[in-house]
There are 2 protein chains.
Amino acid sequence: MVKTEAQSGAEIAARLQALGNEVIADIELKKNPSMAILTRALNNVYFDEDAGLIKLGDKKQNRYYINLNQAKKFMQTLLVAKQIKWLLEQQKPALSIRQLYYTLKHSIEGSKEETFDSQDESDPLIEDVEVMVDALREELRLIATPKGVLAGPMVVLDQTGDMLDFTKMGSAGGAVPPSVEENTFEIKECSADFVLVIEKFAVWNLLNQQKYWKDANCLIMTGKGQPARAERRLLHRMQKELKIPIYVFTDMDPWGYYIYSVYKQGSINLAFFSEKAGSPKANYLGFSTSDIKQFDIPRSAYIKLKDVDYKRLKEIEAYDWFKSPGWKKEFAAMKQFGYKVEQDSLVAKSIEFTAKEYLPTKIENKQFIA
Amino acid sequence: MVKTEAQSGAEIAARLQALGNEVIADIELKKNPSMAILTRALNNVYFDEDAGLIKLGDKKQNRYYINLNQAKKFMQTLLVAKQIKWLLEQQKPALSIRQLYYTLKHSIEGSKEETFDSQDESDPLIEDVEVMVDALREELRLIATPKGVLAGPMVVLDQTGDMLDFTKMGSAGGAVPPSVEENTFEIKECSADFVLVIEKFAVWNLLNQQKYWKDANCLIMTGKGQPARAERRLLHRMQKELKIPIYVFTDMDPWGYYIYSVYKQGSINLAFFSEKAGSPKANYLGFSTSDIKQFDIPRSAYIKLKDVDYKRLKEIEAYDWFKSPGWKKEFAAMKQFGYKVEQDSLVAKSIEFTAKEYLPTKIENKQFIA
């Protein structure tokens, strides 16, 4: 069962407490204390076709206290869990995972041993705790640096108490905050007809200057390339709560396609995050090989595919979530064409072309790759 | 003469016109058309100690039309200048320098030659035009992707007409827009006592959650590491217009020190930008070697200096703007200490320590490196 409703800090703290209680129970029963942890390796990741999401399977590994290879990690896992419980109960501000590491790292009394030698040791344990208590990192008061901005007809009540109107955020747009949960970033109103996710800031910025979001009555968001956690989670909430179409607009190259798939199906590395951050109903709007002829894209916009592009293309072709007929056709067409095209290059047609021609045509005709 | 007041598009377009007129005059006089361009190489960059800024000298190079090595570049320079003039006169939206490249790149009629083969050809010519007409790239309607966010008691009238109150921007803070000129981002009110610039988002975010800017009555801004153009230009305007102290808070390592110097004195690569984006009155607040003892920083926060750190330290020690007694002492102390310390690590003392102890003490006692 995956919770997607906002979970209170107290609920999660109680689950962390239960985790500790189990360890104590093991000790009292004179059993070797252990924790069962979902395996986050590739052999436990699969693509759930019905859900349209990359998911974590149910393989588990036991971590034991009385085990020479696992004793330190066992202790460290409990330290991480304890610290998170403390953050929640004390209602402390949210920390970065580096800051959490610094709060945990210290010499163990009576020894020269440190609790943690480097952040490489604490980061995977945070993920272990996330899956053990089925909570998002942000719900554990741990945040990543967001990158995105957005604009359009949406009003949000922020956890600070500020009411944010994304039609009034100026030329910068509104910044995506690090935590975008129902109880930190509550969507109060939204009259947008769809969400347009744009790979690059420069293209987002052009559309924002042209008030495209006003003309098209939509939200425009960019994650500035590969999105951070917050932009993915926010898009997921938009799909779920706003129930409006999502269109993703990237470069016509393997990296652009992949960015789309991260928004839509999630990623292998963060498979346990995909169910809470994927937006399986997202549509790939473009740029695509069929646009070249349809919009008479000038040759000056073509960029020859290099070895590195072909290599990446081969990699993404192999992903189960890129095996639909539409995508097979797209990959074949790209290889035959031999070029890639960036979304920025549409200005070669005219500076107004993206907003006035390209996007309205593609959206009206529902020309998506599926 | 350096203009620091807002320049209108018409003013700059007129200067671009004058540039073209000179070329025409050369042709009419049957002279080899030429343009004199300030040299932007290291041999024309110097540190102006009185101004406290890295500046471009007055060495110029002529670029000729009738010169086998320069003819194409001459033509390309005029294309860039012409396109910028067109953007200004048509009041087009601002473009990224990649988008500008795409609007310029095309096959030359009657030949197989392209105007530009890659963006590497147009980027330096944009800088040439910037210095020729003494205008900022942003004034030429060309923008870079901003990264920063800020919060605190300041109200700004954005070019969109939106009035932005940076005390009401929620947990994300207000995003820094790509253009922060007097006529695009007009500071209307500010009651802050100082500006605190913070290297890392995680530290900024902690202070924002703790409403440090409210308690200390200041503005807090982060450029998320090495700042983009917009954050530097905005800080420059804050120094000039708000006339309040600026404190820069970074990691205690050569990279942190360097970020401070980019805000303060500018950078070698963008020496022609330093006069318009430097903030020579900025103070280095920390983290510094003397803080270790003063604030009893736990050993767990120390990170051993590696070869790469010593190498970078040696490089920045050689810069003229790091040769003050204060910095000499700091570098010597760091080498003797043998460790670096990150600003994030102050949470090891307590999560409240940065806001409640460290910053107030340093600011009240004016403990800056100078």
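The values are calculated or read from the model by the stated rules, or taken from the named source; none is laboratory data. Given the structure is predicted, the values throughout are model-derived calculations rather than measurements. Cβ sites come from the backbone with ideal geometry, for glycine too, and all protein chains shown count toward neighbours.
Of note:
- Tabulated pairs, the range A:350-370, first surrounded by fewer than 17 Cβ atoms within 10 Å (Cβ to Cβ), second modelled with pLDDT of 95 or more, C-beta under 6 angstrom, 6+ apart or interchain: A:353/A:346; A:370/A:326
- Looking only at the range A:277-297, and only at residues there that are assigned to a loop (DSSP other than H, G, I, E, B) and of a type in the set (Ser, Thr, Tyr), the one that is nearest to residue A:196 (Cα to Cα): A:279
- Of the candidates B:318, B:332, the single residue that is free of Cβ contacts under 8 Å to residues at least 60 places away in the same chain, surrounded by fewer than 14 Cβ atoms within 10 Å (Cβ to Cβ) and under 16 Å from residue B:265 (Cβ atoms) is B:318.
- Conditions (1) at pLDDT 95 or above; (2) of a type in the set (Gly, Ala, Ser); (3) part of a helix (DSSP H, G or I); number of the one not met by residue B:274: (1)
- Candidate set from the range B:147-173 (those that are touching a helix residue (DSSP H, G or I) at 6+ places or on another chain (Cβ under 8 Å) and facing another protein chain (nearest Cβ under 7 Å)); member that is farthest from residue B:276 (Cα to Cα): B:171
- Scan of the range B:63-110 for residues that are within 14 Å of chain A (Cβ to nearest Cβ), farther than 30 Å from residue B:177 by Cβ and among the hydroxyl-bearing types (Ser, Thr, Tyr), ordered by number: B:107
- Looking at B:36, B:51, B:25, just one residue is closer than 29 Å to residue B:237 by Cα and either modelled with pLDDT of 95 or more or exposed (fewer than 13 other Cβ atoms within 10 Å of the Cβ) (or both), and that residue is B:51.
- Selection count where residues are of a type in the set (A, V, I, L, M) and closer than 16 Å to residue B:135 by Cα, scope the range B:96-125: 2
- Subset of the range B:289-337 that is among the acidic types (Asp, Glu) and away from chain A (no Cβ under 14 Å) - its residue that is nearest to residue A:105 (Cα to Cα): B:291
Condition check ((1) in contact with a helix residue (DSSP H, G or I) (Cβ under 6 Å, 6 or more places away or on another chain); (2) of a type in the set (Ser, Thr, Tyr)) across all residues:
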| site | (1), (2) |
| --- | --- |
| A:254 | yes, no |
| A:269 | no, no |
| A:276 | no, no |
| A:283 | no, no |
| A:289 | yes, yes |
| A:292 | no, no |
| A:303 | no, no |
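- Residues that are aliphatic (A, V, I, L, M) and outside any strand (DSSP E or B) were ranked within the range B:174-190; the one that is farthest from the other protein chains (Cβ to nearest Cβ) is B:180.
- Identity of the residue in the range A:122-146, under 18 Å from residue A:9 (Cα atoms) and outside any helix (DSSP H, G or I), that ends up farthest from the other protein chains (Cβ to nearest Cβ): A:134
- Boolean, residue A:266 is surrounded by 18 or more Cβ atoms within 10 Å (Cβ to Cβ), in a loop (DSSP other than H, G, I, E, B) and touching a residue at least 60 places away in the same chain (Cβ under 8 Å): yes
- Members of the range A:207-221 that are under 20 Å from residue A:187 (Cβ atoms) and aromatic (Phe, Trp, Tyr): A:213
- Count - residues of the range B:163-172 that are free of Cβ contacts under 8 Å to residues at least 40 places away in the same chain and buried (at least 16 other Cβ atoms within 10 Å of the Cβ): 5
- Of the helices (runs of 4 or more DSSP H) contained entirely in the range B:9-119, those carrying at least 1 residues that are touching a residue at least 60 places away in the same chain (Cβ under 8 Å), of a type outside the set (Gly, Ala, Ser) and more than 30 Å from residue B:240 (Cα to Cα) fall at B:9-28, B:71-89.
- For the range A:311-344, the set of residues classified as among the hydrophobic types (A, V, I, L, M, F, W, C), assigned to a helix (DSSP H, G or I) and more than 26 Å from residue A:49 (Cβ to Cβ) consists of A:337 only.
- Scope the range A:191-249; condition over 18 Å from residue A:274 (Cα atoms), away from chain B (no Cβ under 14 Å) and in a loop (DSSP other than H, G, I, E, B); matching residues: A:191, A:192, A:193, A:216, A:217, A:243, A:244, A:245
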